[in-house]
1. Out of curiosity, is GLU402 open to solvent by 40 Å² or more (accessible area, probe 1.4 Å), assigned to a helix (DSSP H, G or I), touching a Leu at 6+ places or on another chain (Cβ under 7 Å) and farther than 20 Å from GLY445 by Cβ?
2. For residues in the range 414-441 being open to solvent by 80 Å² or more (accessible area, probe 1.4 Å) and at pLDDT 90 or above, which is farthest from LEU185 (Cα to Cα)?
3. Take THR169 and decide whether it is modelled with pLDDT of 95 or more, of a type in the set (Ser, Thr, Tyr) and crowded, with 16+ Cβ neighbours inside 10 Å.
4. Could you list, in sequence order, the residues of the range 370-391 that are farther than 19 Å from ASP434 by Cβ, in contact with a helix residue (DSSP H, G or I) (Cβ under 9 Å, 6 or more places away or on another chain) and of a type outside the set (Asp, Glu)?
5. Which condition number does ILE55 fail, the rest of (1) without any contact (Cβ under 8 Å) to a residue 12 or more places away in the chain; (2) farther than 18 Å from VAL93 by Cβ; (3) open to solvent by less than 70 Å² (accessible area, probe 1.4 Å) being met?
6. Across the range 349-379, what is the total count of residues that are of a type in the set (Asp, Glu) and more than 17 Å from THR169 (Cβ to Cβ)?
7. Can you find a residue that is of a type in the set (Ser, Thr, Tyr) and modelled with pLDDT of 95 or more anywhere in the range 303-316?
8. Which residues, taken from the range 311-331, are surrounded by fewer than 18 Cβ atoms within 10 Å (Cβ to Cβ), in a helix (DSSP H, G or I) and of a type outside the set (Asp, Glu)?
Amino acid sequence: MSDKISNEMWGGRFASGPAAIMEEINASIDFDKRLYGEDIDGSKAHATMLGAQKIISAEDAALICDGLETIRGEIAGGKFAFSRQREDIHMNVEARLAELIGPAAGRLHTARSRNDQVAVDFRLHVKSALGALAEALEAFIAALLDKADAHAGTVMPGFTHLQVAQPVTFGHHCLAYVEMASRDLSRCRDALTRLDECPLGAAALAGTGFPIDRHATAAALGFREPTRNSLDSVSDRDFALEFLSIAAICATHLSRLAEEIVIWATPQFGFIRLSDAFSTGSSIMPQKRNPDAAELVRAKPGRINGALISLLTVMKGLPLTYSKDMQEDKEQVFDAIDSLSLALAAATGMVRDMTVNVEAMRRAAGHGYATATDLADWLVREAGLPFREAHHVTGRAVASAEAQGVGLEELPFEALHAIDPRITKDVYSVLGVDASVESRTSFGGTAPDNVRAQIAYWRERLGEAAR
């Protein structure tokens, strides 16, 4: 087949025939060069161990480590020439090492394979990403706690079905996201425990006959211990799947907050205002203030959920051990790391940046007869009605107030007394929004004192985790 016919079949994207296609589909250096630091760290640990075990000479081990550090500096300084012909970060580094130190570079790959090499590189990268995510979550939680502290007593409407349900405090609302973020943080720490095993030394799939010390390389790379099965070591990517699962759940939490910020920032709600730092204008409507940062955070789960499904699909039918399919494991993880990092930073910034319109929240809390449940509870507690009967009486009171165009707390006593003679004037003590939130003293409730106690609890917990 001529090159002309080949190009017509494969399209104008390629300069030549099938060989160019193979290079295009096989090369991973365009994205896995991101692993250069981990690759160099893994190679140094391996070379040092080979020297200590007298598998290679101490002189060669030292020469290799020095050369690897030179390469690290070249890449960090933007002076390294990556080659797609060398496929991946491992071969690019090794080829350059040979240029720098000569034949000794060829000894580095003794007792290892690219299979365990990429496995350890990728684990190190995800381990670092989980650590960074945990730190970002702690900063997010701290921002929420500060906002909750400032608004422990700020009354706002609580919603179900996006309809006004009962008054709560804005501090309590912020603490709901603290709970979500704390579970995300817990998942990060749990995943780090499971991930903390080093696959280096599993070689291609069966281990090696060389007298390597896998515990030494695991310790040198900061892992708790080496992995215990060479087959699983090179074929496992569930640590990446777990990271993506955590990322998807966390991004979903951030997206819910972002949606609320979008709603709260509308003129119709007017609960908060974002500064110019987190807002944009319109190209045609000069009056607009668009919460673009919140909208972009709201959109991020689309990418992150897609990454999770993509990798699950890649891995779902692979026989043991390594298959080239697994080259498709990194791009979506890298994208999820970047997307979630940016979303968390933006969410943290918006929480700290937002100005709360206390009066707008208070006014809205009184809409929709939000204290109706307080009336029903009062009838149960003070008048001795069964709750279902109290619910019916309260419904009639709401209908009366609605007919008169007033709130429950403004309904004349005569009207309430006519609905049920067991109602006394004491009922007005529970019909205001402040009285409502202050009465919710059950553990986990919205009462301001509860909110402050939970803030103190979370600050202490975060402080203990940092120590």
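The values are calculated or read from the model by the stated rules, or taken from the named source; none is laboratory data. Being a predicted model, the structure only gives us computed values, none of them experimental. Every residue, glycine as well, gets a Cβ built from its backbone with ideal geometry; the counts of neighbours run over all protein chains shown. To get the accessible areas, we keep the full protein, side chains included, count just its heavy atoms, and leave off ligands, DNA and RNA. Shrake-Rupley method; radii C 1.70, N 1.55, O 1.52, S 1.80 Å.
1. So GLU402 does not fit the description; no.
2. It comes out as GLU438.
3. Judged against the criteria, THR169 is a match.
4. LEU379, VAL380, ALA383, LEU385, PRO386, PHE387, ALA390, HIS391
5. Against the list (1) without any contact (Cβ under 8 Å) to a residue 12 or more places away in the chain; (2) farther than 18 Å from VAL93 by Cβ; (3) open to solvent by less than 70 Å² (accessible area, probe 1.4 Å), ILE55 comes up short only on (1).
6. Here the count works out to 2.
7. Scanning the range 303-316 turns up at least one residue that is of a type in the set (Ser, Thr, Tyr) and modelled with pLDDT of 95 or more.
8. The answer is LEU312, THR313, LYS324.
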